[in-house]
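Asks: Sharing a structure with you now.
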Amino acid sequence: MAIELLAPSVEIGLVTTNLAPMVEFYETFLGLPFQLDLDFPGGTMKRYLIGDNTLKLVTYDEPPAAQLTPGGGRAQTGVRYLSLVVKNVTEAAEQVTAAGYEIVEPLSEFTAIPGIGWFFVADPDGNWVELAGQL
């Protein structure tokens, strides 16, 4: 079966019970453009744009029973991190450190692509976000 996409984009939902710090991280610190608030039966969602894509911070009236397994892709299978390409990854790493967020994998250079680096930062819930770009 092949599906027919209505939009050429992806929407990523992050479920949280810790909304205010998550908004601070994604909206204020990373600067993702806020799109809208959306209420739905049993919860709410804050939507942020990443180019043509959407990041959704979702809260439920009844919190989920299971919490996040920390550790990104090294902890378990499944969707484990979000990747954002930035203009200057070295400056981004310095800003993350200065803001007090946890860098869980330090800035490294891709061996196959000289001059391009990456690192992982944990959001307030412990989700991993990869920032990659020119060193």
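The values are calculated or read from the model by the stated rules, or taken from the named source; none is laboratory data. Everything quoted here is computed from the prediction, not taken from an experiment. As a convention, Cβ positions derive from the backbone with ideal geometry for all residues, glycine included, and neighbour counts pool all protein chains shown.
So that you can scan it fast, the table gives a plain yes or no per residue for (1) basic (Lys, Arg); (2) surrounded by 10 or more Cβ atoms within 10 Å (Cβ to Cβ); (3) part of a loop (DSSP other than H, G, I, E, B); (4) not assigned by TED's automatic domain parsing to the domain that holds Leu135:
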{"residue": "Ile3", "(1), (2), (3), (4)": "no, no, yes, yes"}
{"residue": "Pro21", "(1), (2), (3), (4)": "no, yes, no, yes"}
{"residue": "Glu24", "(1), (2), (3), (4)": "no, yes, no, yes"}
{"residue": "Thr44", "(1), (2), (3), (4)": "no, yes, no, yes"}
{"residue": "Leu49", "(1), (2), (3), (4)": "no, yes, no, yes"}
{"residue": "Thr54", "(1), (2), (3), (4)": "no, yes, no, yes"}
{"residue": "Val58", "(1), (2), (3), (4)": "no, yes, no, yes"}
{"residue": "Leu68", "(1), (2), (3), (4)": "no, yes, yes, yes"}
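Asks: Collect the residues in the stretch 38-89 that are under 24 Å from Glu109 (Cβ atoms) and basic (Lys, Arg), keeping them in residue-number order.
Replies: Arg74, Arg80, Lys87
Asks: Moving to a separate point now. Being basic (Lys, Arg) and loosely packed, with under 12 Cβ neighbours inside 10 Å: is that true of Lys87 here?
Replies: In short, yes.
Asks: Among the residues of the stretch 97-116, which ones are aliphatic (A, V, I, L, M) and in contact (Cβ under 8 Å) with a residue 40 or more places away in the chain?
Replies: If we filter the stretch 97-116 for residues that are aliphatic (A, V, I, L, M), which is where we start, we get 98-99, 103-104, 107, 112-113, 116.
Of everything in the stretch 97-116, just one residue is aliphatic (A, V, I, L, M) and in contact (Cβ under 8 Å) with a residue 40 or more places away in the chain, namely Ala99.
Asks: Can you name the residue in the stretch 98-129 that is among the β-branched types (Val, Ile, Thr) and surrounded by 14 or more Cβ atoms within 10 Å (Cβ to Cβ) and, of all such residues, is nearest to Leu55 (Cα to Cα)?
Replies: Val129
Asks: For the stretch 55-77, check the following and say yes or no: at least one residue is more than 19 Å from Leu14 (Cα to Cα) and in contact with a Ser or Thr (Cβ under 7 Å, 6 or more places away or on another chain).
Replies: Looking for residues that are more than 19 Å from Leu14 (Cα to Cα) and in contact with a Ser or Thr (Cβ under 7 Å, 6 or more places away or on another chain), one finds none in the stretch 55-77, hence no.
Asks: Okay, next question. Given the condition farther than 27 Å from Leu131 by Cα and of a type in the set (A, V, I, L, M, F, W, C), answer yes or no: does some residue in the stretch 10-28 qualify?
Replies: No, the stretch 10-28 has no match at all.
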